[in-house]
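The values are calculated or read from the model by the stated rules, or taken from the named source; none is laboratory data. Source: prediction; values computed, not measured. Cβ coordinates were reconstructed from backbone atoms using ideal geometry, including for glycine residues, and neighbour counts include every protein chain displayed.
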Amino acid sequence: MSRTLVLGTAGHIDHGKTALVKALTGVDTDRLKEEKSRGITTELGFTHLRLPSGTDIGIVDVPGHEKFIRHMVAGASGIDCVLLVVAADEGVMPQTVEHVQICRLLGVKKGLIAITKSDLVDEEMQELVREDIRGLTEATFLEDAPMLPVSSVTGAGLPVLLEALDAITQSLRQRETGQLFRLPIDRVFSMKGFGTVITGTVISGRVRVGDEVEILPARIKTRVRGIQIHNAPADQSLAGQRTAINLQGLEKRDLKRGDVLIHPGTLSPTRRIDGDLTLLPTAEHPVISGSTHRFHIGTALHLAKIFLMDRETLGPSEEAYAQFVFDVPIIALPLDRYVIRGSGKIQTLGGGEILSVHPRRRKRFSPADLETLSLLQTGSDRDRVLHFINNSGKTGISFPRLQELTNLARGPLEKGLENAAGAHEIFKIALAPPVFIHADHIRDLSERILDTLKAFHRDNPLEKGLEKEVLRSKLLPGADRKLWDLLLKAVQRTGKFVVDKEHVHLKEHKITLDPAFQTTVNAVMTGIEKNGTQPPTLKELSARYGLPPDRLKPILSYLLKEGKLVKLSEELYIGMDAFGDIRQKTIAFLKENGEITIQSFKELTGLSRKFAVPILERFDKERVTLRIDQKRVLRN
């Protein structure tokens with residue numbers, strides 16, 4: 001597979017970034033009329049370069065003026081290495097410093113330094129500039145970077161610079177293509193004959209022509225009509241590639257810089273994130289908990305209210321955990337880097353790494369929350385995966401959601417889940433997609449089921465067991481029925497309870513009647529049977545046997561389950577034999593006469609309306625009869 005890398009420029013205004021890119025590639029990345037007339041870069045510029053080894057790299061040329069730092073951050077968000085440009089006739093300037101700081105905060109690890117306009121100064125001046133640069137880059141990722149004098153006018157030093165660029169690209173780590181696909185949009189335009197085109201760097205995953213895609217945060221769905229990489233058509237684009245994508249059926253006004261292209265449903269916007277926050281040594285003022293600052297992530301800019309988790313104020317060079325709250329949804333994943341800048345005087349203050357993207361509102365100074373944030377920052381991938389599974393509770397977490405919360409590639413995440421299941425740390429529930437539940441929750445659910453069943457059997461000795469749905473409503477009302485059924489199967493492996501069709505009971509439970517209770521059951525059944533087709537009501541049975549209704553109900557329920565009674569209403573039960581006789585008479589009558597009314601039913605059975613109506617309604621419920629107005633007919 002060819003390497004897929006992006007180089008970004010950095011440096012002060014008028015230090016020759018765009019001129020150097022043109023000298024290397026032949027392309028003037030200042031495309032706007034205003035840029036050409038003013039002679040400064042105000043927007044991001046893009047081109048590509050083929051290195052001596054044959055490796056193609058994308059180039060993002062950023063503005064150097066302090067007014068356009070927002071564009072610079074957007075351009076730097078997707079780069080693999082930086083080309084810091086310092087003019088030999090001026091040396092390190094304010095935006096040189098700020099650009100290096102921004103690259104550090106965004107996690108750029110590799111770079112080299114071009115000392116431009118070297119034809120304008122002597123060797124002594126160049127050495128002074130080198131000293132200036134060494135002071136700036138000390139203890140940064142650029143500390144040991146090559147410093148190469150070049151001239152975009154004479155071409156001096158360009159071959160050496162190209163060789164150095166080639167060498168540095170070979171040392172860069174290839175981006176992960178197994179992660180969720182994301183492309184933060186940095187430019188939107190229309191092309192005649194093509195329609196709407198967006199550009200950006202694929203920061204993770206891959207996208208193919210024909211793929212359905214979604215634009216966040218607006219949740220607009222469309223399809224990839226075409227892909228271009230380095231001005232050439234391509235079937236797909238991989239992580240690390242500068243890419244232009246032609247989108248189907250969209251207008252330019254539907255999109256903007258800062259939107260993110262994803263595969264549908266793979267991640268969701270959030271208004272709250274956790275992160276670690278480090279302030280730069282050069283920060284001109286501290287960050288106070290509850291204050292609002294500019295928050296740069298990807299190609300987007302938002303306003304964030306910052307809540308420090310363990311202090312009231314964060315000063316220069318200090319680090320703390322923070323929760324960021326936004327007025328509008330933002331798109332982010334764990335491990336993403338961000339930058340914060342002042343909301344009054346606009347200056348880069350600091351930045352850090354995102355730890356969690358859909359957290360609950362955390363309690364400041366809480367030892368438990370601080371411990372969780374520490375785990376998310378320093379814990380292993382396994383630790384983080386188990387944390388999110390445990391945190392999801394007894395209903396578990398799906399694979400896509402887990403991938404979003406961890407930002408792990410599919411392969412390593414699947415392997416980690418397989419190992420955790422093998423070690424009995426988690427349970428895999430075979431839904432589509434599968435759901436993973438922490439073993440602690442399974443154990444706790446098992447104990448709660450056993451306690452609930454013990455109490456139920458104690459209070460209802462004549463019941464076979466507790467209905468599954470009733471048990472779900474007591475213990476896990478948030479679970480859907482399919483998940484609940486699979487959970488019961490998983491927990492049933494403990495061997496201490498049994499799921500029998502729609503009921504759940506303890507393994508050792510058996511319906512047993514003591515002699516005294518059996519005598520009462522027999523007496524109640526005899527009393528109902530004795531009255532034949534006109535059985536006593538619940539109130540009459542209670543008076544006859546001196547038993548309150550709540551003592552009678554379990555007896556009647558037991559007789560129902562034994563198939564000896566039929567329930568006509570909450571107050572009326574009839575013997576099965578008497579009910580069967582009436583049903584046979586009714587069916588015979590309907591076959592002969594075609595229909596029956598309440599009056600003709602009363603005449604047929606000799607029953608009063610008190611018994612006739614509930615018996616006919618029972619026939620309707622059993623689908624023996626069909627009521628049509630005031631008459632009933634036999635169902636087919």
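Screening the candidates Ala156, Ala218, Ala145, Ala167 for the property of being in a loop (DSSP other than H, G, I, E, B) and free of Cβ contacts under 8 Å to residues at least 40 places away in the same chain yields one hit, Ala156. Report yes if Ile615 is touching a helix residue (DSSP H, G or I) at 6+ places or on another chain (Cβ under 8 Å), closer than 27 Å to Glu540 by Cα and either part of a helix (DSSP H, G or I) or not β-branched (Val, Ile, Thr) (or both), otherwise no. So Ile615 fits the description; yes.
Of the residues making up region 381-415, those that are hydroxyl-bearing (Ser, Thr, Tyr) and either in a helix (DSSP H, G or I) or not assigned by TED's automatic domain parsing to the domain that holds Trp484 (or both) are Thr395, Thr406.
If you check Ala320, Ala304, Ala300, Ala332 for being among the aliphatic types (A, V, I, L, M), crowded, with 17+ Cβ neighbours inside 10 Å and either free of Cβ contacts under 8 Å to residues at least 12 places away in the same chain or over 24 Å from Val260 (Cβ atoms) (or both), only one passes: Ala320.
Residues being hydroxyl-bearing (Ser, Thr, Tyr), more than 26 Å from Arg481 (Cα to Cα) and free of Cβ contacts under 8 Å to residues at least 40 places away in the same chain are represented in region 375-395 by at least one member.
Working only within region 189-215, note down all residues that are more than 14 Å from Thr266 (Cα to Cα) and not in a loop (DSSP other than H, G, I, E, B). Before you say what the answer is, go through the steps one by one.
If we filter region 189-215 for residues that are more than 14 Å from Thr266 (Cα to Cα), which is where we start, we get 189-203, 208-210.
Across region 189-215, the qualifying residues are Phe189, Ser190, Met191, Gly195, Thr196, Val197, Ile198, Thr199, Gly200, Thr201, Arg208.
Could you pull out the residue among Tyr558, Tyr545, Tyr573 that is aromatic (Phe, Trp, Tyr) and more than 28 Å from Lys468 (Cβ to Cβ)? Explain how you work it out, then say what you get.
Values: Tyr558 fails: more than 28 Å from Lys468 (Cβ to Cβ); Tyr573 fails: more than 28 Å from Lys468 (Cβ to Cβ).
Checking each option against the conditions leaves just Tyr545.
Take the residues of region 43-61 that are part of a loop (DSSP other than H, G, I, E, B) and in contact (Cβ under 8 Å) with a residue 24 or more places away in the chain: which is surrounded by the fewest Cβ atoms within 10 Å (Cβ to Cβ)? Steps first, please.
Within region 43-61, the subset part of a loop (DSSP other than H, G, I, E, B) is 43-44, 51-55.
Among the residues that remain, those that are also in contact (Cβ under 8 Å) with a residue 24 or more places away in the chain are: 43-44, 51-53, 55.
Working: Glu43: 21, Leu44: 23, Leu51: 20, Pro52: 11, Ser53: 13, Thr55: 16.
Checked region 43-61; the qualifying residue surrounded by the fewest Cβ atoms within 10 Å (Cβ to Cβ) is Pro52.
Considering region 472-498, and only residues there that are among the charged types (D, E, K, R) and either touching a Leu at 6+ places or on another chain (Cβ under 8 Å) or outside the structural domain of Leu450 (by TED's automatic domain parsing) (or both), the residue that is surrounded by the fewest Cβ atoms within 10 Å (Cβ to Cβ) turns out to be Lys482. Counting only helices (runs of 4 or more DSSP H) that sit wholly inside region 439-511, those with at least 3 residues that are touching a residue at least 60 places away in the same chain (Cβ under 8 Å), under 20 Å from Phe427 (Cβ atoms) and of a type outside the set (Phe, Trp, Tyr) are 481-492. Filtered by the rule that a residue be exposed (fewer than 14 other Cβ atoms within 10 Å of the Cβ) and either basic (Lys, Arg) or touching a residue at least 40 places away in the same chain (Cβ under 8 Å) (or both), region 565-580 gives Ser569, Asp577. In region 137-151, the residue that is surrounded by the most Cβ atoms within 10 Å (Cβ to Cβ) out of those that are under 40 Å from the mean Cα position of the chain (by Cα) and at negative phi is Leu142.
Do we have Gly563 as more than 59 Å from the chain's Cα centre (by Cα) and either outside the structural domain of Phe497 (by TED's automatic domain parsing) or not in a loop (DSSP other than H, G, I, E, B) (or both) here?
Working: more than 59 Å from the chain's Cα centre (by Cα): no; either outside the structural domain of Phe497 (by TED's automatic domain parsing) or not in a loop (DSSP other than H, G, I, E, B) (or both): yes.
So Gly563 does not fit the description; no.
Of Ser569, Ser542, all but one fail to be outside the structural domain of Lys464 (by TED's automatic domain parsing), under 53 Å from the mean Cα position of the chain (by Cα) and not acidic (Asp, Glu); the exception is Ser569. Within the span defined as region 528-537, one or more residues are in the same structural domain as Lys631 (by TED's automatic domain parsing) and either assigned to a strand (DSSP E or B) or exposed (fewer than 13 other Cβ atoms within 10 Å of the Cβ) (or both). Looking at Leu277, Leu355, just one residue is under 20 Å from the mean Cα position of the chain (by Cα), in a strand (DSSP E or B) and crowded, with 17+ Cβ neighbours inside 10 Å, and that residue is Leu355.
Selection over region 538-578 of residues that are over 23 Å from Glu622 (Cα atoms) and aromatic (Phe, Trp, Tyr) gives a count of 1. Among the residues of region 414-442, those identified as closer than 25 Å to Asp369 by Cβ and of a type in the set (A, V, I, L, M, F, W, C) are Ala420, Ile426, Phe436, Ile437, Ala439.
Scanning region 335-352 for residues that are surrounded by 19 or more Cβ atoms within 10 Å (Cβ to Cβ) and under 20 Å from Val260 (Cα atoms) returns Asp336, Arg337, Tyr338, Val339, Ile340. Among the residues of region 287-345, those that are under 15 Å from Leu105 (Cα atoms), outside any loop (DSSP other than H, G, I, E, B) and aliphatic (A, V, I, L, M) comprise Ile297, Ala320, Val339, Ile340. Annotation: of all residues in region 601-636 being of a type in the set (Gly, Ala, Ser) and surrounded by fewer than 15 Cβ atoms within 10 Å (Cβ to Cβ), the one that is farthest from the chain's Cα centre (by Cα) is Gly606.
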